[in-house]
Amino acid sequence: MEILETERLVLRPFTGDDFDDYAAMLADPEVGRFLGGALSAEDAWRNLAMVIGHRVIRGYSMWALVEKDGGRLVGRAGPWRPHGWPGLEVGWALARSAWGRGYATEAARAAVDYCFDVLGAEEVVSLIRPDNVASLRVAERIGHRHLRDAELMGTPCLVYGQVRA
């Protein structure tokens with residue numbers, strides 16, 4: 001899996017060394033609000049293993065988002081399509097300390113380009129809970145439009161996305 005760089009971020013594969021920062025991010029109730037809730041350290045471990053395992057199985061997965069200035073892990077973003085998922089998704093989640101800086105938009109744009117240019121996707125989607133206004137704004141900034149409504153694991157979501165130009 002490739003390492004990508006944007007203006008301010010390095011998007012690189014997760015490793016076990018990322019666990020402490022990743023677990024701290026996912027333990028924050030505000031971060032977890034639209035991800036199914038805050039995670040315990042044990043659940044964060046399983047989540048990190050799932051992200052790394054997805055890369056092994058599919059050849060791609062969400063990247064660790066690392067600030068170029070200082071090397072701090074600030075979140076995750078990238079392509080995601082577990083078995084039974086309603087499409088190739090670009091997802092994102094950031095540590096609260098990184099909110100409001102445009103990192104989600106920056107990383108998601110790079111991920112969408114990767115999906116089209118490297119993975120050869122015809123459509124890229126983002127599954128967003130209807131009350132997640134910040135993620136809806138990110139989706140619109142990266143060129144996504146509302147495509148349809150869906151239910152994911154029993155939770156209503158909006159499917160935003162775009163097709164290959």
Review point. Over region 96-165, one equal point on each Cα, no solvent: what is log10 I(q)/I(0) by the Debye formula at q = 0.11, 0.27 Å⁻¹?
Key: -0.27, -1.21
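Beyond 21 Å, how much of the Cα-Cα pair distribution for region 39-106 remains, as a whole percent?
Numbers: 683 of 2278 pairs.
In whole percent, the share of Cα-Cα pairs in region 39-106 beyond 21 Å is 30.
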Review point. Over region 12-65, what lengths in whole Å, largest first, do the semi-axes of the equivalent ellipsoid take, defined as the square roots of 5 times the eigenvalues of the alpha-carbon gyration tensor?
Key: 19, 11, 10
Review point. If R0 is 35 Å, what FRET efficiency do you get for residue 145 and residue 58 from their C-beta distance, rounded to 0.05?
Key: 0.85
Exercise for review: Give me Rg over Rh for the chain, both radii from the alpha carbons and Rh done the Kirkwood way, two decimal places.
Suggested key: 0.92
Study note, to complete from the structure: So, with points 7 Å from each Cα along the Cβ direction, the residue 133-residue 113 label distance in nm works out to 3.0 nm
**Study point:** Rounded to whole Hz, the Karplus (6.51, -1.76, 1.60) HN-Hα couplings of region 118-123, x for glycine and proline
**Key:** 9, 7, x, 5, 8, 9
Check your understanding: How high is the relative contact order of the chain, in percent, counting Cα pairs under 8 Å that sit 6 or more residues apart?
Key -> 17 percent
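Quick note: the coordinates plus some simple rules give every number you see, no bench work behind them. Bear in mind the structure is a predicted one, so any value in this text is a computation, not a measurement. Cβ sites come from the backbone with ideal geometry, for glycine too, and all protein chains shown count toward neighbours.
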